[in-house]
Amino acid sequence: MGELLLLKDPRQRSGRKALKAVYFARHELNQLLSLYSRRVATAEWRDYAIDHRPGFAIFSIFRHSHETPLYSVVKMPGPGGRSAEYQVLSGQERLARGAALGDVLTLFERKLRVVS
């Protein structure tokens, strides 16, 4: 019949190590979805998306599903295979960076204020 030919993935560059896909662990998803559900309850956020790519994973938060994300929480592997690094982005601006997801999510904690 026919001969099977394996084609090289054009996104992989020869001579460089292929990046492995990065995923959020269950406890990380619990933290992200807990924060997300609290903000949905106050009608601040309405949609989210999770994307896994070679070299990073992204949890994007939207006010409306047809807009660009308000915030993106990015998980990247640390250098040399060490523990992951997390970042919170708003567009191209980096708002927070840290070695633990809980540390970068403190950015979203509400500040108490006096209401008269």
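Some observations on this one:
- In the context of the full set of protein chains, residues of the range 49-116 present 68 Å² of accessible surface per residue (probe radius 1.4 Å, heavy atoms only).
- Using the average count of surrounding beta-carbon atoms within 10 Å as a protection proxy, the listed peptides 55-66, 93-104 rank, highest first, as 55-66, 93-104.
- Of the solvent-accessible surface of the range 16-112, computed with a 1.4 Å probe over protein heavy atoms with every protein chain present, carbon and sulfur atoms account for 51 percent.
The values are calculated or read from the model by the stated rules, or taken from the named source; none is laboratory data. What you see is a predicted model; the values in this text were computed from it and never measured. Because the Cβ atoms are built from the backbone with ideal geometry, glycine has one as well, and the counts that use them run over all protein chains shown. The area values use the complete protein model at the heavy-atom level, side chains included, leaving out ligands, DNA and RNA. Shrake-Rupley method; radii C 1.70, N 1.55, O 1.52, S 1.80 Å.
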